[in-house]
Amino acid sequence: MGALLKTSGQFRIFLVYQIFSTLGNGIFSIFMLLSVHLLYRNALYTGIAGFLMSAPRIFSFMVGPVVDRSKKVTIMRLTTLLEFGVLALLAFTPLLESIGVLFMFATITVFSFAAMFESPAGRALLPHIVKEEEILTANSLINIAATTAGILLAILIFVILGQGDNFQLILGLSTGFLAGAFLFSLFLRDPKHKAEPGGKATHSYLADLMAGMKFLRGNVLLFFLIASVTLVFIGQIAYVNRPAFIEYHAGAQGYILFVFITMLGGLIASFIVQPLGKKCRVGPLLLMFSVLAGGLRILFVLVIPESFFAALGITVIIATILNAAGIVEGTLEQKIPPKDMVGRVDTMSTTFFAISVALGALTGGFIGRVVPDIAYIFITQGVIVLLSGVYYILVPAIRKLPKFSDIAREGEDSDEATASQSQ
């Protein structure tokens, strides 16, 4: 990891940008709903705010062609500047009048729209500024830095909230982080794109979109997407019922501790995933992750009534495994597609994930009311995670994938392929 930091100045700048951007966006996503609640004490307002934060992601697939055909750094600069402006308005504008809630809804919508472009632009930029064999290492470093900063920030917010409902101070912090992200984006260089054959102009938006869909439909990434959407769905069912389950066994403070422990698992995952990715083939690695995570989820349900601290230990391991699996699959989305198609693949996946999250949340709310014991939900989740490991091995395209170092990027110039198809 240290070698990458020493040899790539652009990656060092990108890493700092990602830290500031993650902190700024993280405060928004975590704290905005709480801000609406603290200001207006109206469940309807909170529900609308939550909808406005998540609904734009359903249309992420429409963003992909724009990201792939545009200068990634330019998109990152413009969207970060827009996010900064939105949070600056929230931080320094009085919101106590009745019009205030409408103003908050408008700014939430604008921020969510900007974030929908910024995130895939950053993911699409990474393969252009690091070597192919360094993408997994780069993602691990980004996750380590962002998670560490997030843990420190969570502690700071916890302290601030203990002194009163000073939401404007917290939003001010977020504004400062986004200002830092924008400043560092000015030092990033745009990737060099290959000139199209014959000097032709950029292909149409619809053709780019269809080319991305065709690529995903005929690629091994489709099988990962099917598994991921299924796991996200069952995971969201468990997620919406997790507060009630943990609060029943460990109290409200116990739930907060579980959240912090989960973040710690993400940090550990960043350190272990790189050596494992270099030594293990992708299919067996994901099989191992699935078996361990699924079995431990079931064990967690059985242990928590008896030992709170043992359940905490199991939670750390589960969070580590699931975060490591997420880094592996995210890296594949950056390493397998042609570089000019990473944005489309990322945004299409985001669209399916957003739909799965929405359906899972609605289903989880219903199931949580009718199931006789919430523990059954988490046991079912564990069984499905276990079965996902079997799926990874049974699908030949996944089973035959080599180690990360041996995975080759498909057709570097997908534009030429698209051009030939259109002729």
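The values are calculated or read from the model by the stated rules, or taken from the named source; none is laboratory data. Because the structure is predicted, anything quoted here is derived from the model rather than measured. Note that we place each Cβ from the backbone using ideal geometry, even for glycine, and neighbour counts take in every protein chain shown. Keep in mind that these areas ignore ligands, DNA and RNA; they rest on the heavy atoms of the full protein, side chains included. Shrake-Rupley method; radii C 1.70, N 1.55, O 1.52, S 1.80 Å.
Solvent-accessible area per residue for the chain at a 1.4 Å probe radius, Å²?
Heavy-atom accessible area per residue stands at 46 Å².
With a length cut of 20 Å (Cα positions projected on each helix's long axis) and a Kyte-Doolittle mean of at least 1.0, go through the chain and give me the DSSP H helices that pass.
Both cut-offs are met by 9-40, 72-92, 99-129, 135-162, 167-185, 221-279, 282-303, 308-335, 342-370, 375-394.
Of all accessible surface on the chain at a 1.4 Å probe, what whole percent is carbon and sulfur?
Answer for the chain is 70 percent, counting heavy atoms of protein chains only.
Once the Cβ-Cβ distance between Gln168 and Ile355 is put in as r, and R0 is 25 Å, what FRET efficiency do you end up with, to the nearest 0.05?
0.15
Ignoring the sites themselves, what is the longest stretch of the chain with no trypsin sites (Lys or Arg not before Pro) in a DSSP loop and at most 16 other beta-carbon atoms within 10 Å?
201-399
Treat each spin label as a single point 7 Å out from the Cα along the C-beta direction, and report the Val370 to Ile160 distance in nm.
4.2
For the range 227-329, what mean projected area does the convex hull of the alpha carbons give, in nm²?
6.3
Give, as a single signed number, the net charge of other residues whose beta carbon lies under 11 Å from the beta carbon of Val67, with Lys and Arg counted +1 and Asp and Glu -1.
Local net charge: 0.
Which entries in Lys6/Lys214; Lys72/Lys279; Lys6/Lys403; Lys339/Lys403 show an alpha-carbon gap greater than 30 Å?
Lys6/Lys214; Lys72/Lys279
First measure r as the distance between the Cβ atoms of Glu247 and Ala207, then evaluate 1/(1 + (r/R0)^6) with R0 = 35 Å and state the FRET efficiency to the nearest 0.05.
The computed FRET efficiency comes out at 0.10.
Quick one: if the Förster radius is 30 Å, what FRET efficiency do Leu362 and Ala397 give, using the C-beta to C-beta distance and rounding to 0.05?
It comes to 0.40.
Put a dot 7 Å past each Cα toward the Cβ at Ile48 and Met263; how far apart are the dots in nm?
3.1
Note the listed values [x] 21.7, 70; [y] 24.5, 77; [z] 36.5, 128, then indicate which one is Rg and Dmax of the Cα atoms in Å calculated from this particular structure.
[x]
Mean residue ellipticity at 222 nm from the helices of the chain, using -39,500 (n - 2.57) per DSSP H segment of n ≥ 4 over the full residue count, to the nearest 500 deg cm²/dmol?
Rounded to the nearest 500, it is -28000 deg cm²/dmol.
If eta is 0.890 mPa s and T is 25 °C, what Stokes-Einstein diffusion coefficient results for the range 294-423, Kirkwood Rh from Cα pairs, in µm²/s?
So the translational diffusion coefficient is about 136 µm²/s.
Hey, rough spin-label estimate for Lys278 and Thr7, points 7 angstrom out along Cα→Cβ, what's it come to in nanometres?
Distance between label points: 1.2 nm.
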